[in-house]
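A.B. asks: Let me begin by handing over the structure; questions about it come next.
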Amino acid sequence: MTEAVSPQLTSIDILRMTSDVVASYVRNNAVAGDELPGIIQTVHESLMHLKNGTPGAGEAPKPAVSIRKSITPDHIVCLEDGKKLKMLKRYLRTTHGMTPEEYRAKWGLSSDYPMVAPNYAAQRSAFAKKIGLGRGAKQSRRRGKAA
């Protein structure tokens with residue numbers, strides 16, 4: 001199906017798409033006859049919501065854990081699926097196809113909501129300072145000559 005859902009679609013287009021989706025689903029899944037009207041209605045409503053750009057019923061996002069409990073010293077909990085992580089940014093991109101900005105916007109988080117667990121960030125910071133990162137080039141050279 002190469003058609004894209006857009007506001008220019010007519011109701012006949014939506015009906016055709018509904019029949020295509022339902023036919024494909026029924027072809028590949030065992031469906032009782034009394035379930036078919038509900039499937040048709042659900043698919044049609046979903047396509048109409050996509051066409052109109054309105055969220056469907058019950059689509060308000062609910063986090064896997066409360067936002068307040070998502071940050072602990074040792075890990076950050078992903079609000080999408082509840083997975084505990086030390087670093088959230090890469091996981092969001094690879095698993096959910098989201099940027100940190102999109103994630104923060106979706107869940108109504110502040111722009112300073114961390115993407116790294118606090119203890120892990122402190123550990124990495126201490127390591128970086130230990131090896132001399134973050135100092136000016138002159139200070140690093142002086143330390144190298146003094147040693």
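The values are calculated or read from the model by the stated rules, or taken from the named source; none is laboratory data. Please read all numbers here as calculations on a predicted model, not as lab measurements. Here the Cβ positions follow ideal geometry from the backbone for every residue, glycine too, while neighbour counts run over all protein chains shown.
A.B. asks: Here are the criteria: (1) more than 27 Å from PRO63 (Cβ to Cβ); (2) in contact with a helix residue (DSSP H, G or I) (Cβ under 7 Å, 6 or more places away or on another chain). Tell me which single one LYS86 does not satisfy.
C.D. replies: (1)
A.B. asks: If I ask for residues that are among the small types (Gly, Ala, Ser) and exposed (fewer than 12 other Cβ atoms within 10 Å of the Cβ), which ones from the range 63-81 would you list?
C.D. replies: Matches in the range 63-81: SER66 only.
A.B. asks: Any residue that is assigned to a helix (DSSP H, G or I), at pLDDT 90 or above and more than 27 Å from the chain's Cα centre (by Cα) - is there at least one of those in the range 130-146?
C.D. replies: Among the residues of the range 130-146, at least one is assigned to a helix (DSSP H, G or I), at pLDDT 90 or above and more than 27 Å from the chain's Cα centre (by Cα), which makes the answer yes.
A.B. asks: Moving on. Checking ILE76 against (1) at pLDDT 90 or above; (2) out of contact with any Leu (no Cβ under 6 Å at 6 or more places or on another chain), which test does it fail?
C.D. replies: Only one criterion is unmet by ILE76, namely (2).
A.B. asks: One residue is enough: does the range 16-34 have a residue meeting the conditions closer than 30 Å to ALA121 by Cα, surrounded by 12 or more Cβ atoms within 10 Å (Cβ to Cβ), among the β-branched types (Val, Ile, Thr) and at pLDDT 90 or above?
C.D. replies: No, the conditions are met nowhere in the range 16-34.
A.B. asks: I need the full set of residues from the range 54-73 which are modelled with pLDDT under 95 and in contact with a helix residue (DSSP H, G or I) (Cβ under 7 Å, 6 or more places away or on another chain), in order please.
C.D. replies: PRO55, GLY56, PRO61, PRO63, ILE67
A.B. asks: Continuing with this model, one more query. For the range 62-70, check the following and say yes or no: at least one residue is of a type in the set (D, E, K, R), part of a helix (DSSP H, G or I) and assigned by TED's automatic domain parsing to the domain that holds SER19.
C.D. replies: Within the range 62-70 (the criterion being of a type in the set (D, E, K, R), part of a helix (DSSP H, G or I) and assigned by TED's automatic domain parsing to the domain that holds SER19), the answer is no, since none of the residues qualifies.
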